[in-house]
Amino acid sequence: MPKCALLALDISGFRVKLLDKHRMAGSPYDPSRAPVAYGRRAVPQLFSELQQQEAPRRLRALASLADGRLLIILQEKRAEALLTLVPKLMLKLREEEEEEDVQVLLLSTLSSCSCLDPLPALASDGVSLLLHKLSDSSTDIRREATAALMALSVCEDGMRQVCEEEVLPVLVDLLRDKDVEVQANAAGVIMYAAIINEGKRQCLDLDVIPILLSLVSQDGEEEKDKERKKALVMYSLRALTALAEAPQGRCLLLEQLPLLGRRSEAAEEDQDIRRNAQNAVRVITWTPCNTGDP
């Protein structure tokens, strides 16, 4: 069985959906946003606005940075634009005196940029910076910081840095956060980190399997609760699938097959969740074929 074959995600599709969402958002002119110049002048112009003393001008510039029009420019001129924008975002995020609203918009923009390409943020010590935002008292900041960290964790370098920077203990704590989106984003980063061997080892040492199983067993009583928790359940199942590739993880999860079996077989279960639960059961119960003579 190819390593982590069952954990493959359609990241490119996720990026396209993100850009489509931003393309459709808002009217051609929005007074709450600063005008966006075309091409290579867009980023310098907006960051010039960020240096202004007047709070309304700075907030309009930040709103434009997080706006879909800029994302389209970044997509068209990806390498040049991202190398220009991301280091400046990181610099602004390191300014501790920034207001909460400003930090949220900066983190949201960093997350969007990293969905296009995580490497510029990873090269700018992005994992270490985001680690300090994970414990912020603001739910909005924690939510955007975990989302940005998840975007950075898609590639192998991001997974490795999450392990090296000792981010996983904080993420395991965030699985108990009161905000479902924070929980889901934290589970998403764990899901990616668990793909590599060091991530598996750290997750197992942190005893994350019982916590993930608890999240998988939760159900929203109302339809809106189920939809809000869907990502959390799916990421938790995928994380468990990755951990099942390690002998210690498989032994622990073999004892929990009834729970996972219920989620994989229930007719009323969400189709995506049922499919991820079936993948988890397949990996947990997998045994090598005996191709030799007895």
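Throughout, read-outs are computed from the coordinates displayed, never taken from laboratory work. Nothing here was measured: the structure is a model prediction, and the numbers come from that model. Virtual Cβ from ideal backbone geometry, glycine too; neighbours counted across all protein chains shown.
The table below lists the values:
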read-out: Lys/Arg +1, Asp/Glu -1 at C-beta; region 76-200 dipole; positive extreme among S114, I196, S153; value: I196
read-out: Gyration tensor (alpha-carbon) shape descriptor, region 97-179, a/c threshold 1.5; value: oblate
read-out: Ordering of 170-181, 242-253 by packing [mean C-beta count within 10 Å, highest first]; value: 242-253, 170-181
read-out: Linear extension gain, E198 paired with E268, 0.36 nm per residue minus alpha-carbon span; value: 21.5 nm
read-out: Total charge dipole magnitude, region 76-200, about the Cα centre, Cβ charges on Lys, Arg, Asp, Glu only, Debye to nearest 20; value: 380 debye
read-out: Part-to-part distance (alpha-carbon centres) for region 268-285 and region 192-206, which is given in Å; value: 21 Å
read-out: Ratio Rg/Rh [Cα only; Rh per Kirkwood] for region 207-286; value: 0.95
